[in-house]
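Structure first, then comments.
The values are calculated or read from the model by the stated rules, or taken from the named source; none is laboratory data. Computed from a predicted structure; not experimentally measured. Cβ placement follows ideal geometry from the backbone for every residue including glycine, while neighbour counts extend to all protein chains displayed.
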There are 2 protein chains.
Amino acid sequence: MNIDNLVLHPVAGFYLGACAAKIKKSGATDLVIMELAEGSLTAATFTQNAFCAAPVTLAKAHLSSAAPRALIINSGNANAGTGEQGMLDAVQSCEWVAKELGCEVNQVLPFSTGVIGENLPMEKLHVGIPAAMANMSVSGWNEACKGIMTTDLVPKTVSKVVDIDGHSVTITGISKGSGMIHPNMATMLGFVATDAKINQACLQQCLTDAVNLSFNRITVDGDTSTNDACTLTATQKADMPLIDSVDSAAYKAFAKEINQVMTDLAQMIIRDGEGATKFVSIIVEGGNSQQECLQVAHAVALSPLVKTALFASDPNWGRILAAVGRSGIDELDVNILKIYLGDVCIVENGGRALTYTEEAGQAVMNETDITILIQLNRGAHSETVWTTDFSYDYVKINAEYRS
Amino acid sequence: MNIDNLVLHPVAGFYLGACAAKIKKSGATDLVIMELAEGSLTAATFTQNAFCAAPVTLAKAHLSSAAPRALIINSGNANAGTGEQGMLDAVQSCEWVAKELGCEVNQVLPFSTGVIGENLPMEKLHVGIPAAMANMSVSGWNEACKGIMTTDLVPKTVSKVVDIDGHSVTITGISKGSGMIHPNMATMLGFVATDAKINQACLQQCLTDAVNLSFNRITVDGDTSTNDACTLTATQKADMPLIDSVDSAAYKAFAKEINQVMTDLAQMIIRDGEGATKFVSIIVEGGNSQQECLQVAHAVALSPLVKTALFASDPNWGRILAAVGRSGIDELDVNILKIYLGDVCIVENGGRALTYTEEAGQAVMNETDITILIQLNRGAHSETVWTTDFSYDYVKINAEYRS
C-alpha cells in the first residue's frame with residue numbers, strides 16, 4: 001500500500017510537517033510536528049506502565065497546565081529508560097518547537113517511539129525541527145503517517161467526513177504499532193484530529209471511552225509499552241453548535257464516529273505485524289461484570305496454547321476450555337457455560353459438545369478471521385477483545401532483533 | 001538417561017505395580033497402581049483450574065472421606081472435558097482397584113494425564129488393572145516413573161535417605177510434566193512417599209508449604225492444567241517418634257527435606273521439554289508483600305518479549321524493565337529499583353545502569369542457567385520463580401501436535 005495514494009481529508013486548523021532527521025538508520029521520515037490552530041482543544045490517554053518514558057511524563061504534565069499548540073513526534077528512538085537525561089532532552093525538544101512557533105513550552109506535547117535505552121540524538125532534532133516545520137500544511141497527513149511508523153508494514157489511517165446532527169465534520173487519524181510486540185516495545189501511538197466544535201470535558205470523555213473500547217481491547221501478548229499514547233484534537237473550526245453535553249444527540253453521534261475511528265485504527269494494529277496470520281475476536285457474554293468478561297477474554301487471548309493452536313488452524317477446543325477454567329473468576333460453573341468457534345458449539349455441559357465434529361471446527365479455524373464466543377450464562381455483561389495468533393515469526397522477530 | 005538404572009530407594013509399606021494397558025498409542029507403560037500399607041496417611045494438592053478433570057474432582061472427594069489405600073494413575077488420556085461419562089469412568093476405575101485390593105472405593109484416588117476430551121478406554125483399564133497389580137513391589141518406582149510420563153523426555157525422580165532428629169527416614173518421589181506446555185495440558189503430577197511417622201495435619205501442612213514453594217513457583221506460559229496434582233504419602237513405617245507438631249525440630253527437619261525434594265522435582269519439569277534452552281530463576285527482593293513479589297516475578301516470567309530475548313541470549317534489559325513496569329503493583333517507584341542479570345546491574349535510577357556494558361550482559365545471557373534479580377527496595381519480602389525461554393520449538397510443538 002502506497003501511503004501517498006491514501007486520501008486523507010485535511011482538518012481545518014490542523015497542520016502537519018515532517019522530515020527525515022536521520023534518527024532512523026534507514027533514512028526514512030522520522031520527525032513529525034503537528035501545529036494546532038489557536039483555540040484547539042486536545043484530549044489524551046497514556047500508557048499505564050509504571051516505567052513510562054520521559055516524553056509521556058512530560059506530555060502529561062504539559063497537558064495538565066495548558067492547551068497544546070503543537071505535538072512533536074519522533075520515531076527511531078523511544079527516549080525510554082533514559083533517566084534524568086531523557087527528561088532534559090524531552091524538555092529541550094519542546095523548547096525548540098515552542099521557540100519556532102512562538103508559544104509556551106508547556107503548549108508542546110512530545111511523543112517518541114523506537115529503540116529504548118538510548119538517548120535522543122539532540123543534534124539531529126535541533127536540525128530536524130525547523131526542517132519539519134518548513135513544510136507545515138493541512139495536507140501533511142500522509143508524510144506524517146510515514147514519520148510515526150517503526151516496524152509497521154502497513155500504514156494505519158482513517159479519514160472521513162461525517163454528519164453530526166446536520167453539520168459536516170471531518171475526522172482524520174493515524175496510528176502506528178505492529179500486531180506483534182516489537183523490540184521498540186510495540187509502542188502504539190494514535191493521533192486523531194477533527195474540526196468539531198466541542199468542549200474539553202466532552203472531548204476527553206469521548207476519547208477515554210473510545211480508547212477503552214478500541215486500543216484497550218486489543219492485545220497481542222500482554223506486554224504494554226513505555227510509550228503508548230493517543231490524542232484527539234478538536235480544532236473547533238466546523239460550522240456547528242458547540243457540543244457541551246455528553247447527553248446531547250450531537251455528542252452521541254460524534255462519540256459513535258470517534259469510537260469507530262479508534263476501533264478501525266486499533267484493529268489495523270492487530271492485522272499488521274509480521275507473523276500475525278489470524279485476526280481473532282474473543283467475545284465473552286453473560287458475565288456478572290465487565291471486569292470478569294475481560295478477565296476471561298484476556299485469559300484466552302493471552303494463552304500461548306490457544307495462540308499456537310490458532311496459528312496451526314487447529315480446533316483444539318480443550319485449550320480454550322482450560323484457559324477459561326484458569327481465568328480466575330469467582331465460582332465459575334463450567335457446566336452451564338458454552339463456547340463457540342464461529343457458529344459451531346464446541347463446549348457445553350462441562351465437556352465437548354455432543355453436536356461437535358472435528359470437520360466443523362476445522363472449517364472455522366481455516367478462516368483468517370476467527371471468532372471465539374464464550375457464553376458464561378450467569379449475568380448480563382459482555383465484552384470483546386481482539387488478538388492474533390502466535391507464530392514462528394513471532395519468535396523469530398523478537399529473538400533476532402538485535403543479532 | 002535410562003530410567004531402569006536410576007537408584008530409587010524403596011519406601012517400606014509403599015508398593016507399585018505398572019503395565020502397558022495400550023492407552024498410549026506407543027505401547028509404552030501407561031497404567032500405575034500404588035498400594036499404601038494400612039495406617040498410611042496421604043496429603044494432596046490439586047489444580048486450581050475451574051475446569052478440573054473428573055479424576056481430580058473424585059480424588060478430592062475420596063480424600064476428604066477416607067484415608068487412601070491406593071492410587072491409580074493412567075497416562076495417555078486425561079479424562080478431562082468428558083462430562084458425566086468422565087466421572088462415571090473415574091468411579092468405575094476406583095471400584096475395580098478397590099475390588100482387587102479389598103478396600104473401599106473411596107480409599108482409591110484416581111489420576112489421569114494425556115489427551116483431553118476423549119473418554120477413558122475402560123476395556124483397556126479393566127484388563128490393565130489386574131495386570132498392573134500382578135507385579136506390585138516396593139521396587140516398582142522405576143517402572144511407575146515410566147508409566148506416568150507423557151511427552152517428558154527425561155524421567156524425574158528424587159530418592160534419598162535422610163536423618164530426621166537422629167532417625168533414618170526414606171523419601172522417594174517421581175514427577176511428570178514438560179517444561180513446555182504440551183497438548184495434553186502439560187499436566188504436572190507428583191507422587192512422593194516416605195516412611196516417616198507423622199500425623200495428617202503435619203503431613204498436609206508440609207505438603208502445602210512445599211508445593212507452594214516448588215510446583216507453584218514454576219511457570220512456563222501461565223497455562224495451568226485441568227489435571228495437576230501432587231501427593232505425599234507417609235507410611236509410618238520408620239522407627240522414630242511421631243511428628244505431631246509443626247513446631248518440633250523433627251517437623252522442621254522433615255519439612256526442609258520434603259521442600260528440597262519437591263523443588264528438585266519441580267525444577268526438573270522446567271529443565272525438561274523440547275524447546276527449553278534456558279533455566280531462568282527470577283528473584284524479586286524488597287517487596288511489601290509476598291503477593292507483590294510474585295506479581296512482579298510472574299510479569300517477567302510470562303512476558304513473551306522477555307522469553308524470546310532469553311531464547312536469543314539477548315541482554316535486552318529494556319524488556320525486563322517494561323515487564324516490571326506493567327506488573328501492576330501499587331505505586332511502584334521505578335527510580336529506586338535495581339535489576340540485575342546475574343551479578344551485572346542493568347537498571348538503576350529509572351534507566352540503564354551507568355556501569356552496564358553490553359559485553360557484561362551478553363556474558364550472563366550466554367549461560368544456560370540465568371538469574372534475573374529485581375530489587376524493589378520498598379519492603380522485606382522476597383520470592384523466587386523458575387521459568388524457561390520461548391523458542392521456535394515451543395511454537396512447533398504446540399502448533400503441530402494434531403497435524
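General remarks:
- Among (1) at positive phi; (2) crowded, with 24+ Cβ neighbours inside 10 Å, the one test that B:Gly39 misses: (2)
- The requirement of being surrounded by fewer than 20 Cβ atoms within 10 Å (Cβ to Cβ), assigned to a strand (DSSP E or B) and in contact with an Asp or Glu (Cβ under 8 Å, 6 or more places away or on another chain) is fulfilled nowhere in region B:346-358; no residue meets it.
- Pick from region B:54-71, criterion surrounded by 19 or more Cβ atoms within 10 Å (Cβ to Cβ) and under 18 Å from the mean Cα position of the chain (by Cα), ranking: nearest to the other protein chains (Cβ to nearest Cβ): B:Val56
- Residue count for region B:301-319, restricted to those that are more than 7 Å from every other protein chain (Cβ to nearest Cβ) and among the β-branched types (Val, Ile, Thr): 1
- Condition met for A:Gly275 (within 12 Å of chain B (Cβ to nearest Cβ) and either outside any strand (DSSP E or B) or among the small types (Gly, Ala, Ser) (or both)): yes
- Verdict on B:Glu348 being over 27 Å from the mean Cα position of the chain (by Cα) and more than 8 Å from every other protein chain (Cβ to nearest Cβ): yes
- Condition check for A:Ser245: polar (S, T, N, Q), surrounded by 18 or more Cβ atoms within 10 Å (Cβ to Cβ) and in contact with a helix residue (DSSP H, G or I) (Cβ under 8 Å, 6 or more places away or on another chain): no
- Matching entry among A:Ala297, A:Ala363 (being more than 10 Å from every other protein chain (Cβ to nearest Cβ), within 21 Å of the chain's Cα centre (by Cα) and among the small types (Gly, Ala, Ser)): A:Ala297
- Qualifying residue in region B:80-90 (condition: in contact (Cβ under 8 Å) with a residue 12 or more places away in the chain, closer than 18 Å to B:Ala132 by Cα and either surrounded by fewer than 17 Cβ atoms within 10 Å (Cβ to Cβ) or not acidic (Asp, Glu) (or both)): yes
- Against the test of being under 20 Å from A:Pro155 (Cα atoms), in a loop (DSSP other than H, G, I, E, B) and either in the same structural domain as A:Asn119 (by TED's automatic domain parsing) or touching a Cys at 6+ places or on another chain (Cβ under 8 Å) (or both), the options A:Val32, A:Val7 yield a single qualifying residue, A:Val7.
- Residues within region A:70-92 that are part of a helix (DSSP H, G or I) and either at pLDDT 90 or above or under 23 Å from A:Met136 (Cα atoms) (or both), tallied: 8
- Of the residues making up region A:158-171, just one is surrounded by 24 or more Cβ atoms within 10 Å (Cβ to Cβ) and within 20 Å of A:Glu143 (Cβ to Cβ), namely A:Ile171.
- Residue-level check: of (1) within 14 Å of chain B (Cβ to nearest Cβ); (2) assigned to a loop (DSSP other than H, G, I, E, B); (3) not aromatic (Phe, Trp, Tyr), A:Ala399 misses just (2).
- Answer residue from region B:366-379, given it is surrounded by fewer than 17 Cβ atoms within 10 Å (Cβ to Cβ) and farther than 15 Å from B:Lys338 by Cα and is farthest from the chain's Cα centre (by Cα) among those: B:Asn366
- Selection over region B:5-14 of residues that are under 22 Å from the mean Cα position of the chain (by Cα) and surrounded by fewer than 24 Cβ atoms within 10 Å (Cβ to Cβ) gives a count of 5.
- Qualifying residue in region A:387-396 (condition: buried (at least 21 other Cβ atoms within 10 Å of the Cβ), of a type in the set (S, T, N, Q) and facing chain B (nearest Cβ under 9 Å)): yes
- In region A:91-109, the residue that is farthest from the other protein chains (Cβ to nearest Cβ) out of those that are closer than 27 Å to B:Arg319 by Cα and surrounded by 21 or more Cβ atoms within 10 Å (Cβ to Cβ) is A:Leu109.
- Region B:26-53, residues that are without any contact (Cβ under 8 Å) to a residue 40 or more places away in the chain and within 14 Å of chain A (Cβ to nearest Cβ): B:Ala50
- Residue in region A:368-376 that is within 30 Å of A:Val115 (Cβ to Cβ) and either touching a helix residue (DSSP H, G or I) at 6+ places or on another chain (Cβ under 9 Å) or more than 7 Å from chain B (Cβ to nearest Cβ) (or both) present: no
- Residue in region B:57-69 that is basic (Lys, Arg) and either in contact (Cβ under 8 Å) with a residue 60 or more places away in the chain or not in a helix (DSSP H, G or I) (or both) present: yes
- Taking the listed residues A:Ser137, A:Ser112, the one that is polar (S, T, N, Q), within 14 Å of chain B (Cβ to nearest Cβ) and more than 26 Å from A:Tyr251 (Cβ to Cβ) is A:Ser112, with no other qualifying.
- Taking the listed residues B:Asn227, B:Asn216, the one that is over 24 Å from B:Ala297 (Cα atoms), within 14 Å of chain A (Cβ to nearest Cβ) and modelled with pLDDT under 95 is B:Asn227, with no other qualifying.
- Within region A:198-211, at least one residue is at pLDDT 95 or above, over 18 Å from the mean Cα position of the chain (by Cα) and either within 14 Å of another protein chain (Cβ to nearest Cβ) or assigned to a strand (DSSP E or B) (or both).
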